[in-house]
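Written out below as C-alpha cells is the structure these notes cover.
The values are calculated or read from the model by the stated rules, or taken from the named source; none is laboratory data. This is a predicted model, so every value here is computed, not measured. A quick note on method: Cβ atoms are made from the backbone with ideal geometry, for glycine too, and the neighbour counts reach across all protein chains shown. Each accessible area value is taken on the protein alone, full model and side chains, heavy atoms only, with ligands, DNA and RNA left out. Shrake-Rupley method; radii C 1.70, N 1.55, O 1.52, S 1.80 Å.
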Amino acid sequence: MTAAASSNTGLEALYRQMRRIRTFEERVGELFVRGESAGSMLHLSIGEESPAVGVCTAMKDGDTFTTHHRGHGIFLARGADPNRMMAEIAGKETGYCRGKGGSMHIADMGLGHLGANAIVGGGVPAVVGAALVAKRRNSGAVSVAFFGDGAMQQGVIYESMNMAALWGLPAVFVCINNQWGMGTRIDQATRATALHERAKAFGLAAETVDGRDVREVHAAAARILDGARAGSPGFLAVDCYRFFGHARKDKSPYRTPEEEDEGRARDPIAFARAALIEGGMAEGAIGAIDDEVAREMDASIDFAIASAAPAMDTMFRDVYAPGEPEPEPLRTRIDRILARD
Amino acid sequence: MTETLTYRDAIRRALADAMRADPDVFVIGEEVGRYGGAYAVTTGLLEEFGPERMIDTPISEQGIVGTAVGAAMAGMRPVAELMYVDFIGVSMDQLCNQAAKIRYMFGGQIGVPMVLRTQGGTGRSAGAQHSQSLEAYVMHMPGLRLAMPATVADAYHLLRQSLRQPDPVVFIEHKSLYAHAEEVDLSAPVPDWGRAAIRRQGRDLVIVTYSRQVLYALEAAETLAAEGIEATVIDLRTLNPLDFATIGAEVERTGRAMVVSEGPLTAGVAAELAARISEECFDYLENPVLRIAGEDVPISVSTALETASVPGPELIADAARRLVA
Ligand SMILES: Cc1ncc(C[n+]2csc(CCOP(=O)(O)OP(=O)(O)O)c2C)c(N)n1
Ligand SMILES: [Mg+2]
C-alpha cells in the first residue's frame, strides 16, 4: 500500500484503511501478549482511526508529518508497510528504524514521516521547520503535526503555532482529542476545552470536527490543508475516544464503564460500516475486506517474529553520519588501557 | 521492626510520612494523584492527603517545576515529579536557571527548598527518550543537590533527608529498582545526608558507584570474592554533596579504583569522580582509575542492544579482575 494508493477517498477505501489500522493495533497487542514486542510501552490508536485516515487522505505525496507516541495508525494511513512497522515494534533489524527506535520512534523519510515522538509535544516544532523549507523552496508541500489533547498543555505547541502563523507557513496542527492524556480527562487538564479557539487566537484557520464520520474528518482536513498549501496555516481538532488504556498494561481504572461504553459507541469503523451497508454494500463484501486485512496483518506478525534482532555492532552505528568515526566501545577502551603496561 | 519492602513502597512511605509530619509538604506532577504515579509510587496518597496536597497537573513540565520553585520561595515544601528524567530538558530552564541560582543571584536572601523526584535508567525497552541516565546534567549545575538511592532503606531515608534540605534536591530513582524488595528496619540508623555507605569492604580495589550499579557491583564483588579478589563497594547515595573523604580513604588503602555509572561515559559522573580520585590520590594509585559507564550512544529499544549498552555485573567483574592482575 503506497501513499498514492491511500488517496482514494471513497467510503469503501476509507473503511479499508481504518480497518487496517484497527487490525494492525490488535496484532500489536497480540505481539505483546506473545512476549515478542520490545517492551510494553505500546500505545494503541484503536478508536482513533478516523483522524489518521481522514487527515492522511487529504495529504499529498511530498507532504511531511510528525506524530506523537500513538502514531501507528497515522503512518499506516500514510502508506507504511505493516511488516516493517511490526518489526520495529518488536525491535528487529528489519524494522523502519533497524530496531533502534521502537513503537514510539518510527520514522521513514521516504514517506515523509519525520518521526514519531515519545516527548509529548516534542515533534511539533519540526513541522514549522519543514514548512519553512517548503515555503522557501516553493515545493508546494504541507507539513502536518499530529499530537494528542494532552500535548495542548505544553508550551512548545504555542510557540510553534505562533511562528507558523507569523510567517504564513504551510503547516497544519492536528490535535487528536481522544479525551484523555493517561489518566487525566481533558476537562481535568484545562478550562479551555474548545481547543481550536486557542489556535484562532494566533491567527490560524481552526476547526473542531467530530471523528465519528471519517468523511467529515477528511472534508475538514482537506479545507485546512488546502488553506495551508496556500500559505494560511491551520489547526484541526478531531474529537474521538481512546478505546483502551493509555499503554498496553493500563486498564483505565480511572474511567467508568458507562463512559467507556459511550466513548466506544462513537466507533468510526462501525459508523462507516453502517453507512456502507446503507449505501447498498453487501455484508459479505465488507467481510471480505476484513478478511483480506486480517491476512495482511497476520503476516506482519510472522514477519516481525521471523526477523533477526539488530547485530551488536549496530549499537555504535548512526550516532554520527556514515564515514564519521564511531564512538569507541567500552570494552575496546578497557582493553586498550589495561594492556598498557 | 523488620519488614519486607520494595523500593517503590519505601518511596511512597517516605512521602506519606513527610506529609504527615509537615503540612507544608505537597506533591505536584503528572498522574501523581488519581492515577497513582506512572510507576505506582504514589498509589493511595490521594485518598489520604486529598487533591490539594497531591496535585495532578496538565502535561506542563516547565510549569510543574516553576510552580514548585515559586511555592518553595513562598514557604512551602513542594515535591515536584517528573515522570521520566528524560523530560528534564523540557523543564531545564526552571531547574537550572531558576531553582539552582536563586539563592546565589539574590545575594543569599532566599533558598528554594524543593525536591524534584524523577526516575531514569534502562531496563524496560522504553527507547531513546525514556531510558536515559541524565544525572550528569544535574551534578554539573552549581546550586543543585543530587540524591540517587540504591537500596530500599535509602529510598526511604534519602527522600526524608532530601525534604529537610535548605536547597533544591533532585532525587533520581531507578526504574528497574521499583520492584526490588529487601528486608529492612526503617528505624535502624542510616548514614547522614551527604555521607556515602561502604556496602562491602575489601583489600584489593574500590568500586565507587551509585543507584542500580551498586547492586551490580555487589554481584560482581561476590563473584570476585570466590576467586580471591576482595573489593570495596562504595554507594555514594548523594552525588552532591559528594563524600570524597570516604572514597579517598578507601582508594589510599587499596591503591586501585574503578568508577561505575550507567550514564554515558564522556563527561559523565564517572569522569568527574575519576578525575578527582586521580588528582587527590595520585601517590597511592597503582593503576589508572578506570571508568566503567554507559556506551556513548543513545539507548535502543531493542532489548539486546539496550542491555549491552550499559554496564552489568559481568563487565564490572571482568574489568576488576584485570585491574588487579
Ligand atoms: C514531555 C512529556 N511529558 C510526559 C510524558 C508522559 N506521557 C506520555 S503520553 C502522555 C499522555 C499524552 O496524552 P495525549 O497528548 O492526549 O496523547 P494520547 O496518549 O491520548 O494519545 C504522557 C503524560 C511524555 N512522554 N513526555
Ligand atoms: Mg489524549
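Numerical summary
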{"quantity": "Helices (runs of 4 or more DSSP H) lying entirely in the stretch B:212-325 (those with 2 or more residues that are more than 12 Å from chain A (Cβ to nearest Cβ) and open to solvent by less than 40 Å² (accessible area, probe 1.4 Å))", "calculated": "B:212-226, B:244-254, B:269-280, B:313-324"}
{"quantity": "Some residue of the stretch A:158-172 being more than 9 Å from ligand 2 (Cβ to nearest atom), assigned to a helix (DSSP H, G or I) and either within 11 Å of another protein chain (Cβ to nearest Cβ) or under 17 Å from the mean Cα position of the chain (by Cα) (or both)", "calculated": "no"}
{"quantity": "Only one of A:GLU283, A:GLU278, A:GLU326 that is among the charged types (D, E, K, R) and over 30 Å from A:GLU25 (Cβ atoms)", "calculated": "A:GLU326"}
{"quantity": "Filter result (more than 14 Å from chain A (Cβ to nearest Cβ) and open to solvent by less than 10 Å² (accessible area, probe 1.4 Å)) within the stretch B:46-68", "calculated": "B:ALA68"}
{"quantity": "Subset of the stretch A:155-176 (residues that are within 16 Å of ligand 1 (Cβ to nearest atom) and either at positive phi or open to solvent by 10 Å² or more (accessible area, probe 1.4 Å) (or both))", "calculated": "A:GLY155, A:VAL156, A:TYR158, A:GLU159"}
{"quantity": "Long-range neighbours under 6 Å by Cβ, at least six apart or interchain, first residue among the β-branched types (Val, Ile, Thr) within the stretch A:316-336, second surrounded by 15 or more Cβ atoms within 10 Å (Cβ to Cβ) and assigned to a loop (DSSP other than H, G, I, E, B)", "calculated": "A:VAL319/A:PRO327; A:VAL319/B:VAL297"}
{"quantity": "Condition met for A:GLY280 (surrounded by fewer than 19 Cβ atoms within 10 Å (Cβ to Cβ), free of Cβ contacts under 8 Å to residues at least 40 places away in the same chain and either within 20 Å of the chain's Cα centre (by Cα) or at positive phi (or both))", "calculated": "yes"}
{"quantity": "Some residue of the stretch A:98-110 being within 14 Å of another protein chain (Cβ to nearest Cβ), without any contact (Cβ under 8 Å) to a residue 24 or more places away in the chain and more than 19 Å from A:PHE32 (Cα to Cα)", "calculated": "yes"}
{"quantity": "Qualifying positions in the stretch A:292-332 - facing chain B (nearest Cβ under 8 Å) and open to solvent by less than 60 Å² (accessible area, probe 1.4 Å)", "calculated": "A:ALA309, A:PRO310, A:THR314, A:MET315, A:PHE316, A:VAL319, A:PRO327, A:PRO329, A:LEU330"}
{"quantity": "Criterion: at pLDDT 95 or above, of a type in the set (Gly, Ala, Ser) and under 19 Å from the mean Cα position of the chain (by Cα) - qualifying residue of B:GLY255, B:GLY268", "calculated": "B:GLY268"}
{"quantity": "Criterion (within 16 Å of ligand 1 (Cβ to nearest atom) and within 30 Å of B:LEU46 (Cβ to Cβ)) met by exactly one of A:THR190, A:THR208", "calculated": "A:THR190"}
{"quantity": "Count - residues of the stretch B:69-96 that are within 14 Å of another protein chain (Cβ to nearest Cβ) and of a type in the set (A, V, I, L, M)", "calculated": "6"}
{"quantity": "Members of the stretch B:117-136 that are within 13 Å of ligand 1 (Cβ to nearest atom), farther than 15 Å from B:ALA179 by Cβ and not in a loop (DSSP other than H, G, I, E, B)", "calculated": "B:THR118"}
{"quantity": "The stretch B:18-34, subset over 25 Å from A:ALA189 (Cα atoms) and open to solvent by 40 Å² or more (accessible area, probe 1.4 Å), residue farthest from the chain's Cα centre (by Cα)", "calculated": "B:PRO23"}
{"quantity": "All positions within the stretch A:142-156 that are part of a loop (DSSP other than H, G, I, E, B) and within 23 Å of A:ALA58 (Cα to Cα)", "calculated": "A:VAL142, A:ASP149"}
{"quantity": "Qualifying residue in the stretch B:167-180 (condition: closer than 23 Å to B:VAL324 by Cα, outside any strand (DSSP E or B) and at pLDDT 95 or above)", "calculated": "no"}
{"quantity": "A:ARG264 being within 16 Å of ligand 2 (Cβ to nearest atom), surrounded by fewer than 18 Cβ atoms within 10 Å (Cβ to Cβ) and more than 14 Å from every other protein chain (Cβ to nearest Cβ)", "calculated": "yes"}
{"quantity": "Top-ranked residue in the stretch A:130-151 [being surrounded by fewer than 20 Cβ atoms within 10 Å (Cβ to Cβ) and either modelled with pLDDT under 95 or in contact with a Leu (Cβ under 9 Å, 6 or more places away or on another chain) (or both); ranked as nearest to the other protein chains (Cβ to nearest Cβ)]", "calculated": "A:LEU132"}
{"quantity": "Residue match in the stretch B:40-57 (condition: within 16 Å of ligand 1 (Cβ to nearest atom) and in contact with an Asp or Glu (Cβ under 6 Å, 6 or more places away or on another chain))", "calculated": "yes"}
{"quantity": "Single residue of A:PHE75, A:PHE65 found to be part of a helix (DSSP H, G or I), buried (at least 24 other Cβ atoms within 10 Å of the Cβ), of a type in the set (A, V, I, L, M, F, W, C) and within 16 Å of ligand 1 (Cβ to nearest atom)", "calculated": "A:PHE75"}
{"quantity": "Residue within the stretch A:120-128 that is more than 17 Å from A:MET59 (Cα to Cα), surrounded by fewer than 21 Cβ atoms within 10 Å (Cβ to Cβ) and either without any contact (Cβ under 8 Å) to a residue 40 or more places away in the chain or of a type in the set (A, V, I, L, M) (or both) present", "calculated": "yes"}
{"quantity": "Residues that are of a type in the set (Gly, Ala, Ser) and part of a helix (DSSP H, G or I), drawn from the stretch A:199-257", "calculated": "A:ALA199, A:ALA201, A:ALA219, A:ALA220, A:ALA221, A:ALA222, A:GLY227, A:ALA228"}
{"quantity": "Residue list for the stretch B:30-43, filter: without any contact (Cβ under 8 Å) to a residue 40 or more places away in the chain and either more than 13 Å from every other protein chain (Cβ to nearest Cβ) or not small (Gly, Ala, Ser) (or both)", "calculated": "B:ARG34, B:TYR35, B:THR42, B:THR43"}
{"quantity": "Residue list for the stretch A:80-94, filter: in a loop (DSSP other than H, G, I, E, B) and closer than 23 Å to A:ASN178 by Cβ", "calculated": "A:ALA80"}
{"quantity": "Considering residues of the stretch A:177-187 that are facing chain B (nearest Cβ under 7 Å) and not small (Gly, Ala, Ser) only, the residue farthest from ligand 1 (Cβ to nearest atom)", "calculated": "A:THR184"}
{"quantity": "Subset of the stretch A:90-145 (residues that are touching a Cys at 6+ places or on another chain (Cβ under 9 Å) and β-branched (Val, Ile, Thr))", "calculated": "A:ILE106, A:VAL144"}
